[in-house]
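Here is the structure we will look at.
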Amino acid sequence: MNEKLSPKREAYNAIARALIYLCAGITVLLLVALIAYIFYRGLGNITWQLLSTQRSALKGTIGILPNILFTLYTVFTALVIVLPLGIGAAIYLNEYAANQNMVRIIEGATETLTAIPSIIYGLVGMLFFCQKLGLQSSVLAGSLTLVVMILPTIMRTTQEALKTVPASYREAAVGLGATKWYTIRTIVLPCTLDGVVAGAILAIGRIVGESAALLFTAGTGYVLVTNYFEALQTSGGTLSVMLYVYVSENGEFDVGFAIAAILMILVLAINFATKLAKKKLKRIG
Amino acid sequence: MMKARNAIERAMQTLFFCCGIVSIAAVALITVYMIISGLPAIREIGAVDFLFGQVWKSTAKEPLFGILPFILTSVYGTLGAILIGVPIGLMMAVFLSKLASPRVASVVRPAVELLAGIPSVVYGFIGMIVLVPAVMDLFRIKSGTTLFTAVIVLAVMILPSIVSVSETALSAVPREYEEASIAMGATWIETIFKVSIPAARSGIAAGVVLGVGRAIGEAMAVMMVSGNVANMPKLFSSVRFLTTAIASEMSYAGGLQKQALFSIGLVLFVFIMLINLLLNAFLKKGDRK
Amino acid sequence: MNKIITTTNFDLYYGSFQALKSINIEIPEKEITALIGPSGCGKSTFLKTLNRMNDLVPGVKISGEIKFHGEDIFAKEMNVNLLRKRIGMVFQKPNPFPMSIYDNIAYGPRLHGSPKKTELDEIVERSLRGAALWDEVKDRLKKSALGLSGGQQQRLCIARALSVEPEVLLMDEPTSALDPGSTIRIENLMAELRRNYTVVIVTHNMQQAVRISDKTAFFLIGEMVEFGETEQIFARPVDRRTEDYITGRFG
């Protein structure tokens with residue numbers, strides 16, 4: 001009775017267990033090494049001069065201030081457009097749509113948008129926004145392209161938040177004689193604020209990291225433009241796009257590492273913020 | 001008063017409806033543009049010459065537009081990434097859903113999510129700085145920018161999708177199945193491999209298909225590590241993917257060359273739509289059970 | 001009569017809650033022992049302790065002894081996987097694996113050895129016959145087990161448990177999720193199983209205990225109140241609480 005498992009079974013168990021831990025270890029190690037390496041090579045290269053100036057051919061120096069601004073402009077422009085659009089679409093799906101076929105088609109289309117690779121967004125954005133609408137390679141054209149790309153993210157997170165609002169709230173408001181829109185505006189929407197914030201943070205992450213969709217729509221401009229409305233019409237490379245440009249086309253690896261480190265800090269911050277927003281969402285939901 | 005209220009109500013409903021159909025409009029717009037802009041070059045070059053031509057010389061005096069090298073590179077690259085990424089990702093998902101204590105899982109899971117948040121240019125850059133020289137030294141080849149290097153980078157990039165989808169599928173395996181296996185005298189490890197993973201297979205398959213979609217659509221990261229030469233794919237030579245073929249020539253292309261790039265986009269788009277159909281089929285199958 | 005499982009002063013705690021209090025019972029070999037009692041009385045917990053399925057529940061603590069063939073099942077040298085091979089289990093809700101009927105039965109034999117195809121075919125047939133299911137499924141062995149009816153699924157689970165030739169079969173309310181027809185078939189089956197196996201069954205249904213069991217143990221809030229011949233327990237209970245329960249004064 002006090003026998004053991006057959007050696008074959010023992011071996012199977014030991015090897016399988018080892019494999020699992022090995023793969024988990026590799027993944028975690030990879031991430032840690034990646035972050036450590038980027039910071040090791042990058043943090044030292046983030047200088048005040050880099051952050052506060054623009055590229056100067058005369059002095060032969062590189063500064064990324066314009067690109068930091070272009071990144072902010074792009075994030076801002078895309079969010080200002082996509083948030084109302086995405087929230088509106090989620091409200092339609094969750095609160096208004098009576099026709100289930102319509103809901104299915106919209107959700108199917110949204111899923112399809114998620115699957116389309118960013119290079120395709122870049123192509124269509126270039127054809128439609130830059131050429132057809134005549135926006136040229138500009139921050140506005142890039143932002144509009146990104147709007148389509150991140151629309152599914154905003155729709156999904158808002159829908160999830162809307163679903164956590166108890167039906168009894170709506171019934172109570174309607175029972176008091178409130179119209180549907182009034183109910184949504186005063187009862188439903190405030191409850192979804194955290195979900196919307198979480199979606200917006202996720203979207204910021206996507207925008208900051210995006211490159212392929214922006215390369216041909218917003219371009220690779222690096223001239224300082226402080227006026228927002230002027231910038232909308234100018235070609236402007238975001239940090240991710242410029243990382244590619246500086247590294248692949250100019251061989252400026254130190255600048256590359258500096259930008260990579262800045263992007264990593266942003267990614268870490270965004271991840272942390274998403275966690276916070278989700279936690280808050282859970283507490284309320 | 002009542003009338004004004006109704007008017008507002010109707011206006012809002014219309015407004016929300018318009019927001020709702022934006023995604024349909026976007027998909028329609030993308031599809032139409034891909035087809036309209038992609039077909040002319042295919043028609044001019046000839047579908048067979050375009051899809052199965054082995055030589056791409058877009059800037060030659062007598063240009064050749066054969067994209068078989070790109071198609072095969074994308075297919076091989078994706079297969080390679082799946083071959084490496086899926087086992088590792090699946091084991092990671094098993095670790096998170098079946099072996100790790102809640103505390104360990106709550107540290108490791110965000111790490112995987114973090115991996116998903118890293119921009120593709122950063123992956124490409126680090127691949128270029130670390131992986132390319134390493135591949136060159138390790139395999140004693142002239143250049144480290146190879147299909148193999150791209151496969152490694154892609155494998156890392158698709159890991160998070162595979163882990164998260166597989167973990168969801170594994171966690172959804174009914175506890176009763178696992179209890180039945182334990183009661184038959186199976187160890188926990190045996191139970192995971194012989195019951196849990198088979199029971200979660202359609203979900204895991206969905207994760208794999210999602211990974212395929214990500215890998216075949218990735219552009220910037222592979223552009224930075226694959227050498228970008230229009231060779232027929234070999235594991236240790238420089239190659240060009242469908243995505244990178246578009247990205248690398250778009251900035252200076254004109255005329256038929258530019259149209260041909262749009263045609264490549266159309267081919268990629270068709271691939272993605274097929275993968276998406278497959279994905280939905282797997283997800284539906286998972287739902288039914 | 002041989003006693004196959006004996007417990008001495010066995011206590012079990014879930015965290016600080018004591019679920020079983022000093023259980024002393026001797027389970028006879030090749031008989032059917034029924035465990036009865038109201039919900040939450042600890043009968044299922046006790047059943048799941050016999051093949052150490054409670055190991056899976058976090059925070060379980062035990063004291064006292066349970067011996068199987070005179071050996072402590074909690075001893076360090078005891079291999080729990082081989083113990084479970086010898087003490088099989090059938091659950092309340094039929095839980096066939098999402099595989100073919102054949103693979104369900106072959107699961108255990110493949111796990112504990114590497115049988116040849118012909119051996120496996122034999123085991124599958126013998127187990128299915130043993131669970132009175134062979135005639136109904138012999139033409140669709142490669143079909144999914146999830147396509148069977150609830151009663152068939154439960155008999156498949158019994159066949160699966162039989163496939164590794166256990167000595168003891170633990171059954172946790174095996175018919176509570178089934179229709180009356182299926183229940184009768186399984187009860188008839190248990191009368192057959194009794195010849196070759198020791199059966200311990202938890203049941204909510206007192207008529208079922210009377211119909212099928214040789215011995216009955218009555219559990220109440222973690223204690224085993226009374227244990228004896230089924231006939232005696234139901235006709236002349238010694239303890240007042242047993243009498244109250246079987247006459248339906250509480251439940």
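The values are calculated or read from the model by the stated rules, or taken from the named source; none is laboratory data. No experiment lies behind these values; they were computed from the predicted model shown. Counting neighbours? That spans all protein chains shown, and the Cβs are built from the backbone with ideal geometry, glycine included. For accessibility, only protein heavy atoms count, side chains too; no ligands or nucleic acids. Shrake-Rupley method; radii C 1.70, N 1.55, O 1.52, S 1.80 Å.
Within region A:86-108, the set of residues being open to solvent by 20 Å² or more (accessible area, probe 1.4 Å), part of a helix (DSSP H, G or I) and among the small types (Gly, Ala, Ser) comprises just one member, A:Gly108.
Return yes when A:Glu10 is assigned to a loop (DSSP other than H, G, I, E, B) and free of Cβ contacts under 8 Å to residues at least 24 places away in the same chain and no when it is not. Criteria not met by A:Glu10. Scanning region B:114-143 for residues that are more than 9 Å from chain A (Cβ to nearest Cβ) and closer than 23 Å to B:Ser161 by Cβ gives B:Ala116, B:Gly127, B:Leu131. For region A:109-153, a tally of residues being within 28 Å of B:Leu274 (Cβ to Cβ), β-branched (Val, Ile, Thr), open to solvent by less than 30 Å² (accessible area, probe 1.4 Å) and more than 7 Å from every other protein chain (Cβ to nearest Cβ) returns 4. C:Gly37 satisfies every condition listed in (1) open to solvent by 10 Å² or more (accessible area, probe 1.4 Å); (2) at pLDDT below 95 except (1).
Could you please let me know if B:Ala134 is modelled with pLDDT of 95 or more, open to solvent by 30 Å² or more (accessible area, probe 1.4 Å) and closer than 23 Å to A:Arg41 by Cα? Yes. Please specify each residue of region A:240-254 satisfying the condition of being buried (at least 24 other Cβ atoms within 10 Å of the Cβ) and more than 8 Å from chain B (Cβ to nearest Cβ). Residues satisfying the conditions are A:Met242, A:Tyr246.
For the structure I just gave you, tell me whether B:Leu210 is in contact with a Ser or Thr (Cβ under 7 Å, 6 or more places away or on another chain), buried (at least 19 other Cβ atoms within 10 Å of the Cβ), modelled with pLDDT under 95 and of a type in the set (A, V, I, L, M, F, W, C). When the stated conditions are applied, B:Leu210 passes them. Only one entry of A:Ile62, A:Ile38, A:Ile20 meets the criterion of being crowded, with 18+ Cβ neighbours inside 10 Å, in contact (Cβ under 8 Å) with a residue 12 or more places away in the chain and at the interface with another protein chain (Cβ under 8 Å from one of its Cβ atoms), and that entry is A:Ile38.
Condition check ((1) closer than 21 Å to A:Thr217 by Cα; (2) in contact with a Cys (Cβ under 8 Å, 6 or more places away or on another chain); (3) touching a residue at least 12 places away in the same chain (Cβ under 8 Å)) across all residues:
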{"residue": "B:Met184", "(1), (2), (3)": "no, no, no"}
{"residue": "B:Glu190", "(1), (2), (3)": "no, no, no"}
{"residue": "B:Gly207", "(1), (2), (3)": "no, no, yes"}
{"residue": "B:Leu210", "(1), (2), (3)": "no, no, yes"}
{"residue": "B:Gly217", "(1), (2), (3)": "yes, no, yes"}
{"residue": "B:Val239", "(1), (2), (3)": "no, no, yes"}
{"residue": "B:Leu261", "(1), (2), (3)": "yes, no, yes"}
{"residue": "B:Ile275", "(1), (2), (3)": "no, no, yes"}
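Could you tell me whether any residue of region B:248-255 is within 30 Å of C:Leu146 (Cα to Cα), buried (at least 17 other Cβ atoms within 10 Å of the Cβ) and not polar (S, T, N, Q)? No, every residue in region B:248-255 fails to be within 30 Å of C:Leu146 (Cα to Cα), buried (at least 17 other Cβ atoms within 10 Å of the Cβ) and not polar (S, T, N, Q). Filtered by the rule that a residue be open to solvent by less than 40 Å² (accessible area, probe 1.4 Å) and either more than 15 Å from B:Ala81 (Cα to Cα) or within 12 Å of chain A (Cβ to nearest Cβ) (or both), region B:144-157 gives B:Gly144, B:Thr145, B:Val153, B:Ala155, B:Val156, B:Met157. Against the condition open to solvent by less than 20 Å² (accessible area, probe 1.4 Å), in a strand (DSSP E or B) and not β-branched (Val, Ile, Thr), how does C:Met78 come out, does it pass? So C:Met78 does not fit the description; no.
Residue by residue, here is whether (1) exposed (fewer than 15 other Cβ atoms within 10 Å of the Cβ); (2) of a type in the set (Ser, Thr, Tyr); (3) at the interface with another protein chain (Cβ under 9 Å from one of its Cβ atoms); (4) over 30 Å from B:Ser166 (Cα atoms) holds:
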site	(1), (2), (3), (4)
B:Met12	no, no, yes, yes
B:Ala41	no, no, no, yes
B:Ala47	yes, no, no, yes
B:Ile88	no, no, yes, no
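Checked against the criteria, B:Pro69 counts as more than 10 Å from chain A (Cβ to nearest Cβ), in contact with a strand residue (DSSP E or B) (Cβ under 9 Å, 6 or more places away or on another chain) and either open to solvent by less than 10 Å² (accessible area, probe 1.4 Å) or in a helix (DSSP H, G or I) (or both).
Filtered by the rule that a residue be surrounded by fewer than 21 Cβ atoms within 10 Å (Cβ to Cβ) and under 23 Å from A:Gly108 (Cβ atoms), region A:154-185 gives A:Arg156, A:Glu160, A:Lys163.
Taking the numbered list (1) in contact (Cβ under 8 Å) with a residue 24 or more places away in the chain; (2) more than 10 Å from every other protein chain (Cβ to nearest Cβ) in turn, B:Tyr252 passes all entries but (1). Scanning region A:217-259 for residues that are in a helix (DSSP H, G or I) and farther than 23 Å from A:Met149 by Cα yields a count of 12. Whenever a residue of region C:232-246 is in contact (Cβ under 8 Å) with a residue 24 or more places away in the chain, its partners that are open to solvent by 70 Å² or more (accessible area, probe 1.4 Å), lying with C-beta atoms within less than 9 angstrom and at least six residues away or across chains, give the pairs C:Phe234/C:Val210; C:Tyr245/C:Gly251.
Just one of (1) modelled with pLDDT under 95; (2) away from chain B (no Cβ under 11 Å); (3) surrounded by 11 or more Cβ atoms within 10 Å (Cβ to Cβ) fails for A:Lys8. It is (3). The single residue among A:Gly205, A:Gly236 that is at the interface with chain B (Cβ under 8 Å from one of its Cβ atoms) and either open to solvent by 10 Å² or more (accessible area, probe 1.4 Å) or touching a helix residue (DSSP H, G or I) at 6+ places or on another chain (Cβ under 9 Å) (or both) turns out to be A:Gly205.
In region B:82-102, the condition of being at pLDDT below 95 and either of a type in the set (Ser, Thr, Tyr) or touching a Pro at 6+ places or on another chain (Cβ under 8 Å) (or both) is met by at least one residue. Residues in region B:229-245: is at least one at the interface with another protein chain (Cβ under 8 Å from one of its Cβ atoms) and out of contact with any strand residue (DSSP E or B) (no Cβ under 6 Å at 6 or more places or on another chain)? Scanning region B:229-245, I find at least one residue that is at the interface with another protein chain (Cβ under 8 Å from one of its Cβ atoms) and out of contact with any strand residue (DSSP E or B) (no Cβ under 6 Å at 6 or more places or on another chain), so the answer is yes. Examine region A:75-98 for a residue that is within 30 Å of B:Thr14 (Cα to Cα) and acidic (Asp, Glu), and state whether such a residue exists. Yes, region A:75-98 has at least one match.
Screening B:Leu261 against (1) open to solvent by less than 40 Å² (accessible area, probe 1.4 Å); (2) on the phi > 0 side of the Ramachandran plot leaves a single unmet condition, (2).
Every condition in (1) of a type in the set (A, V, I, L, M); (2) open to solvent by less than 10 Å² (accessible area, probe 1.4 Å); (3) under 15 Å from B:Ala180 (Cα atoms) is met by C:Val200 except one, and the failing one is (3). It is to be established whether one or more residues within region A:75-85 are among the hydroxyl-bearing types (Ser, Thr, Tyr) and crowded, with 19+ Cβ neighbours inside 10 Å. Yes, because at least one residue in region A:75-85 is among the hydroxyl-bearing types (Ser, Thr, Tyr) and crowded, with 19+ Cβ neighbours inside 10 Å.
Restricting the search to region A:49-65, which residues are in a helix (DSSP H, G or I) and either over 30 Å from A:Thr234 (Cα atoms) or at pLDDT below 95 (or both)? Scanning region A:49-65 gives A:Gln49, A:Leu50, A:Leu51, A:Ser52.
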